[in-house]
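First the structure, in the form of structure tokens, and then the observations on it.
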Amino acid sequence: MSCSGMPAKTYWLEKMISEHQDYIYNFAYSLCSNADDADDLVQETFLKAMRGIESYRSESNIRTWLCRIAINTFIDTKRKERPHVSLDLGRVECPPGGQEREIIRKEMRWCVYHVLLHHIPVEHKVVLVMRDMYGYRYQEIADILEISLAAVKSRLHRGRAGFYKHLVSSGCVSFVRDYTCYCEGAAKYGMHT
Amino acid sequence: MECIHDAALLSRYLENDLSIEEMNAISTHLEKCEFCKKEFERLKTAMVIMKSVQEVPAPRNYAEVIQERLKHC
């Protein structure tokens, strides 16, 4: 793409977004666990990035900078408690013809986002997603979240433990049928503690 | 070593985030402590599941969306 005749800011915007939108969308989805909220978060992230271009100049990595904006925006807007609603992630359409591997992959994705949304505290989830999904180093996480290394490690462990507990130990996986989560039912029978 | 039962330590062991002496001590401990071994396997499973989630493409061209929104700011 040529920038000839195109305002520099517009060219920069298009380049930045086209290079990073898939990454930022998936990162946002990991935090929000649903498409609508992820879409809002991506838009807010890029809008804030455009308005704060000057602050980027001191950053070394644009993707890290965008993630920092996304995390801060997410934390600012999503702190409110969300009730557990069984079908709020929507039904995942399975491909026709019983492509088993694809179905299992979508089921697992659904389960992961469900647990992240409903069963992991925000501060643990952010660290868990950054480290285990996106491979950020401890120090990067500490810098972005402005917390100590010890806090990163502690939150990561708690996030992992909570994630495993809800996804496997408490039976979320085995209770999922047709993308309906029966966690509430599990809780009723004392399987969620 | 006494039973560690410290999952935060196991989490760091999982990522090689300990000294060689600590790594060796925990390796030895895991060979004989079923409780810690199970806890370690759980943490490992959680990490594998998290990494297995596949990315999807962004659902739309955000450059156009943002351009449009900037016009109305």
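The values are calculated or read from the model by the stated rules, or taken from the named source; none is laboratory data. Here the structure is a predicted model, which means the values were calculated and not measured. Every residue, glycine among them, receives a Cβ derived from its backbone with ideal geometry; neighbour counts consider all protein chains shown. The accessibility values were calculated without ligands, DNA or RNA, using every heavy atom of the protein model including side chains. Shrake-Rupley method; radii C 1.70, N 1.55, O 1.52, S 1.80 Å.
Some points to look at:
- Any hit, the range B:37-52, residues being under 30 Å from A:Lys48 (Cα atoms) and not polar (S, T, N, Q): yes
- Residues satisfying the stated conditions in the range A:152-170, i.e. more than 9 Å from chain B (Cβ to nearest Cβ) and in contact with a Leu (Cβ under 8 Å, 6 or more places away or on another chain): A:Val152, A:Arg155
- Selected residue (criterion: most open to solvent (accessible area, probe 1.4 Å)) from residues of the range A:153-163 that are under 17 Å from the mean Cα position of the chain (by Cα) and within 16 Å of A:Tyr136 (Cβ to Cβ): A:Arg155
- Test for A:Arg68: is it surrounded by 14 or more Cβ atoms within 10 Å (Cβ to Cβ), modelled with pLDDT under 85, within 16 Å of the chain's Cα centre (by Cα) and not hydrophobic (A, V, I, L, M, F, W, C): no
- Yes/no for B:Leu70 being modelled with pLDDT under 90 and in a helix (DSSP H, G or I): yes
- Of all residues in the range B:21-58, exactly one satisfies the criterion of being facing chain A (nearest Cβ under 7 Å) and modelled with pLDDT of 90 or more, namely B:Ala58.
- Residue match in the range B:33-49 (condition: β-branched (Val, Ile, Thr), crowded, with 19+ Cβ neighbours inside 10 Å and part of a helix (DSSP H, G or I)): yes
- Within the range B:1-20, the set of residues being among the polar types (S, T, N, Q) and away from chain A (no Cβ under 14 Å) comprises just one member, B:Ser19.
- Top-ranked residue of the range B:50-67 - restricted to ones that are open to solvent by less than 90 Å² (accessible area, probe 1.4 Å) and assigned to a helix (DSSP H, G or I), ranked as farthest from A:Asp40 (Cα to Cα): B:Ser52
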